[in-house]
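Read the structure below first, then the notes.
The values are calculated or read from the model by the stated rules, or taken from the named source; none is laboratory data. All of these numbers come straight from a predicted model, not from anything done at the bench. Counting neighbours? That spans all protein chains shown, and the Cβs are built from the backbone with ideal geometry, glycine included. Areas reflect the complete protein model, heavy atoms only, side chains present, ligands, DNA and RNA absent. Shrake-Rupley method; radii C 1.70, N 1.55, O 1.52, S 1.80 Å.
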Amino acid sequence: MKKQAAVACGAAALTLGLTGCSAGFEGTGSKDAASAEQLAMRLDDPWDQEITVDAQKKAEGELRDGVYTGTGKGMEGSVTVTLLVQDNRISCLETTQEGESQSRGGYEAVRDGTFAAMIEAAQGSDIDAVSGATITTAGVKQAVDDALAQAEAAAAASATGEGGEAR
C-alpha cells in the first residue's frame, strides 16, 4: 500500500512539475521574441548589425537610369527587389517577399530593411547571407541580378540603333 501511495505521489509531482515547462516569454521564435529574451538577459541583439554605405561607390557595368524590379525564389515564395538606378548608382526602393514565415530570419531582414541596406552598400548582389535566412538571401541576390540584367539590357539597347548599329 505504501508503495502505491509513493508511486501516486511521484506521478502527481511529475505532472505538476512538467506543467511549468513552457516558454518563458511570448512569441513564436521570431526576432521580437528572441529580442525580448535577450533584453531580459541584458545582451546585445545579434540581429542588429551596422551596415555602412559608401556614397561614392557605384555599380559595375553599364546601367541605364530607371526603376527596375527583379524577382527571385525565397524559402517559401518569391522575393521582389525594386531598384532605382541613377548614374550607375543603385538605391533599393523596396524589398518584398511572398509567403515567408514570420519566424524566419528572412522575414525580419526584409521587413526591417537589412537587405535593402546591404544591397546599397554592395552596389549589387554581392551581399552576405543573413543568419537564419540563407535561402531568402539567395532569393534576394537573384532578384537584384534580375533587376540589374534589365538595366544592362536597357543600356545596351539604347547604345545601339534599330538596325543594331552603335550610335
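Things to note:
- Of the strands (runs of 3 or more DSSP E) lying entirely inside the range 42-150, not one carries at least 3 residues that are out of contact with any Gly (no Cβ under 7 Å at 6 or more places or on another chain) and modelled with pLDDT under 90.
- Evaluation of Thr96 against (1) without any contact (Cβ under 8 Å) to a residue 24 or more places away in the chain; (2) touching a Phe, Trp or Tyr at 6+ places or on another chain (Cβ under 9 Å) (one fails), failing number: (2)
- Residue list for the range 73-119, restricted to those being open to solvent by less than 10 Å² (accessible area, probe 1.4 Å) and closer than 18 Å to Asp146 by Cβ: Gly74, Val79, Val81, Leu83, Val85, Ile90, Gly106, Phe115, Ile119
- Residue tally, condition more than 23 Å from Val85 (Cα to Cα) and not polar (S, T, N, Q), over the range 108-138: 6
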